[in-house]
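Comments concern the structure below.
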Amino acid sequence: MNDITFTSINGSKKVISSSAIDAFKAQLAGSVYPAGEPGYQEARSLWNAMIDKQPAMVVNCSGTADVVACVKFARENNLLTCVKGGGHNIAGLASADGALMINLSPMKSVSVNASGRTAKVGAGCTLRNVDHETQAYGMAVPLGINSTTGIAGLTLGGGFGWLSRSYGLTADNLLSAEVVTADGKITQAGEGGEADLLWALQGGGGNFGIVTSFTFRLHPVGPQVLAGLIIHPFKDAPKVFRYYNSFVSNADDKLTCWCVLRKAPPLPFLPQDVHGKEVFVIAAIYAGGIKEGEKALEPLRKFGQPIADVIGTVPFEGWQQSLDPLLTPGFRNYWKSHNFVTLSDELMDTLLDYTTKLPSPHSEIFLGQLGGQINRLSPDATAYPHRDANFVMNIHARWQDKPEDDRCAEWARKLFDATAKYSTGGVYVNFISEGEQLVSSAFGKNMEKLSRLKAKYDPDNFFRTNQNIKPKA
């Protein structure tokens with residue numbers, strides 16, 4: 001192996017000799033991929049094709065011992081370090097030019113304790129890995145909506161999805177975690193370990209260490225649930241949007257209804273003349289009995305004249321994967337986000353107007369319904385502070401070709417600016433494509449405590465390739 005040039009933590013170049021690299025490799029059970037060698041491209045790959053950074057070397061870690069060795073090697077040599085779990089982070093923070101990339105994706109173990117209703121999950125797991133194991137026992141962790149998302153980034157940012165109104169955020173269900181801290185030591189957060197570290201991991205991002213395993217609380221869900229889509233023609237969107245807003249304001253916690261404004265994809269249950277035209281989509285799930293769910297959803301299903309109503313009894317694991325075809329890797333993505341307490345008429349009109357200006361067939365505006373169990377915790381119960389939000393908006397610009405970058409991103413920025421006055425001022429940390437100034441909006445009033453804990457667990461800001469919290473002096 002040749003000498004390798006890294007970027008140091010202060011931005012300068014640092015050459016590591018081949019003999020030092022060989023000695024480092026000898027400590028590892030996992031694989032090492034220097035830039036340019038076979039396997040490197042796959043190891044460094046990320047979900048968002050806009051991000052094309054070139055780490056100097058990628059280490060595919062097989063377990064905690066490899067993570068410890070990577071942190072110690074990086075500290076000894078003052079190397080810029082980045083951490084990849086599922087590689088889904090929209091801003092591409094799992095990668096950095098010239099860095100040592102610590103790739104956790106091989107660490108995919110899931111162990112279910114059915115009697116204790118807990119699951120211990122490796123940091124490289126995707127949502128699909130977790131659902132596959134927990135659904136065998138008729139239980140689930142409240143996760144996100146795209147099964148290829150990494151469990152680590154989702155949890156550390158808060159994590160919301162179809163079950164969150166019933167059972168809280170992913171982070172709210174985190175009982176404990178094994179963490180490799182910036183000094184290369186293995187630490188337990190929660191369950192007899194560091195309680196303040198667990199608090200910071202529940203929404204504070206990757207600022208405090210590398211989590212190698214998560215232990216979650218499980219809830220009885222499935223294996224069959226009532227879920228599906230109701231799709232309305234765009235000409236009816238103003239009245240359907242307002243009815244949706246009224247309907248969800250009185251929904252019980254087991255019912256979650258999201259709405260999506262986009263061009264209709266070529267789904268087999270949609271008439272061909274609708275494909276490529278703007279539509280108003282309601283995605284719904286009832287996390288309880290099928291008969292109760294049918295009764296709860298009946299008014300929504302009877303309203304208006306939808307193009308399609310494909311709500312029915314489906315496997316929960318399958319529902320968790322239902323949006324995957326619209327979120328495949330290899331596309332260019334740019335996101336913006338706001339939180340809302342209410343959906344005013346003016347806000348809804350603005351969203352409908354921008355739907356007529358979608359920059360690509362793959363772009364969309366979605367509103368995720370929050371509230372319920374999420375908002376029963378106080379804003380300082382975890383690092384995630386947004387316990388007042390009843391809706392979160394993701395402005396999702398998505399396209400294929402690089403020449404379209406400016407036009408598509410500009411659409412997202414303009415919509416973000418046009419809707420800011422209706423928002424709480426808070427943003428979801430996992431939806432930030434860019435903008436260091438938005439980090440304080442993501443952490444809100446918990447920022448000061450997080451800064452103090454950053455100083456405790458990472459005083460040198462070793463973990464800095466993230467939505468970064470500076471250590472408080």
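Each reported figure results from applying straightforward, stated rules to the coordinates on display, with no laboratory input. Everything numeric in this text was worked out from a predicted model, so none of it was measured. Cβ coordinates were reconstructed from backbone atoms using ideal geometry, including for glycine residues, and neighbour counts include every protein chain displayed.
Hull volume per residue, based on the alpha-carbon atoms of the range 212-289 and their convex hull, is 161 Å³.
Treating each Cα of the range 4-103 as an identical point scatterer and summing with the Debye formula, the log10 of I(q)/I(0) at q = 0.13, 0.14, 0.16 Å⁻¹ comes to -0.39, -0.46, -0.61. Given R₀ = 25 Å, FRET efficiency for residue 445-residue 187 by Cβ-Cβ distance, to 0.05? Computed FRET efficiency for residue 445 and residue 187: 0.45. The length gained on full extension between residue 378 and residue 290, counted as 0.36 nm times the residue separation minus their Cα-Cα distance, comes to 28.5 nm. Largest first, the extents of the alpha carbon coordinates of the range 7-58 on the three principal axes equal 35, 28, 16 Å. As a rough guide to protection, the peptides 410-418, 51-59, 155-163, 185-193 ranked by mean Cβ packing within 10 Å, highest first, stand as 155-163, 51-59, 410-418, 185-193.
In terms of overall dimensions, the C-alpha atoms belonging to the range 271-328 reach 35, 31, 14 Å along their principal axes, ordered largest to smallest. Annotation for residue 246 and residue 19: the two label points, set 7 Å from Cα along the Cα-Cβ direction, are 7.9 nm apart. Shown here is the pair-distance distribution of the range 158-291: with all Cα-Cα distances grouped in 10 Å bins from zero up to the longest one, the shares run 11, 28, 23, 21, 13, 4 percent.
Label reach from residue 406 (point 7 Å along Cα→C-beta): in the range 321-358, amide nitrogens under 19 Å belong to 332-335. Cross-link reach is defined here as a Cα-Cα straight distance under 19 Å, omitting same-chain residues fewer than 8 places apart; for residue 291 the aspartates and glutamates meeting it are 252, 253, 309.
The lysines within cross-link reach of residue 421, meaning a Cα-to-Cα straight distance under 30 Å and a gap of 8 or more places when in the same chain, are 235, 239, 263, 277, 336, 357, 445, 449, 470.
How far apart, in nm, are the 7 Å Cα→Cβ label points at residue 109 and residue 470? Calculated label separation equals 4.0 nm.
With a simple spin-label model that places each label point 7 Å from the Cα along the Cα-to-Cβ direction, the separation between residue 313 and residue 41 comes to 4.8 nm. Peptides 268-280, 390-402, ordered by how many other C-beta atoms sit within 10 Å of their residues on average, highest first, read 390-402, 268-280. Relative to its residue count, the chain spans a Cα convex hull of 139 Å³ per residue. Per the Debye formula on identical point scatterers at the alpha carbon atoms of the range 224-431, with no solvent, log10 I(q)/I(0) at q = 0.15, 0.18 Å⁻¹ is -1.02, -1.47. For the range 42-194, the pair-distance distribution built from all alpha carbon pairs, in bins 5 Å wide starting at 0, is 2, 9, 17, 21, 20, 15, 10, 4, 1, 0 percent.
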